[in-house]
Amino acid sequence: MNNATYTVSGMTCGHCVNSVKEEVGQVAGVSDVAVDLATGRLTVTSDTPLDEAQVRAAVEEAGYELKV
C-alpha cells in the first residue's frame, strides 16, 4: 500500500469534499481517498505508486487546485 498526502485549495463545503473524493477515486490504482475539509488535506491510498499528474488532473476536474 502506498499513501500520498496533498493539499487541495478552494473547497468550502461537503459537496466540494465529495467531488474531490469521487474524481480522485477514479484514478487507476486508488483504493481509498480521505479529504479533510478544515485543512484541505487529501490522503490517497493506492496499490501502486501514483502519478501525481493524474491526481492533480482529477482534483482540477473536480474544480479545485492541488497544492504540493
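Identify which of the listed values of Cα extents along the principal axes in Å was calculated from the structure shown: (i) 74, 21, 13; (ii) 30, 20, 19; (iii) 33, 30, 16.
Read-out taken from this structure: (ii).
Rank Leu37, Cys16, Gln54 by how far each Cα sits towards the positive end of the charge dipole of region 12-68 (+1 on Lys, Arg Cβ; -1 on Asp, Glu Cβ) and give me just the farthest.
Leu37
With each run of n ≥ 4 DSSP H residues scored as -39500 (n - 2.57), what mean residue ellipticity at 222 nm is computed for the chain after dividing by its residue count and rounding to the nearest 500 deg cm²/dmol?
-10500 deg cm²/dmol
So how far apart, in nm, are the two label points at Ala53 and Glu65 if each is 7 Å from Cα heading toward Cβ?
2.1 nm
Say we join alpha carbon atoms closer than 10 Å with springs in a Gaussian network model of the chain; which of Gly25, Gly40, Gly14 then has the biggest fluctuation?
Gly14
Using only the alpha-carbon atoms, how far is helix 14-25 inclined from the longest principal axis of the chain? Give it as 0 to 90 degrees, nearest 10.
Result, in degrees: 20.
Only the coordinates and a few stated rules stand behind these numbers; no lab work does. In this text, all values refer to a predicted model and were calculated from it rather than measured experimentally. Here Cβ is always computed from backbone atoms with ideal geometry, including for glycine, and neighbour counts include all displayed protein chains.
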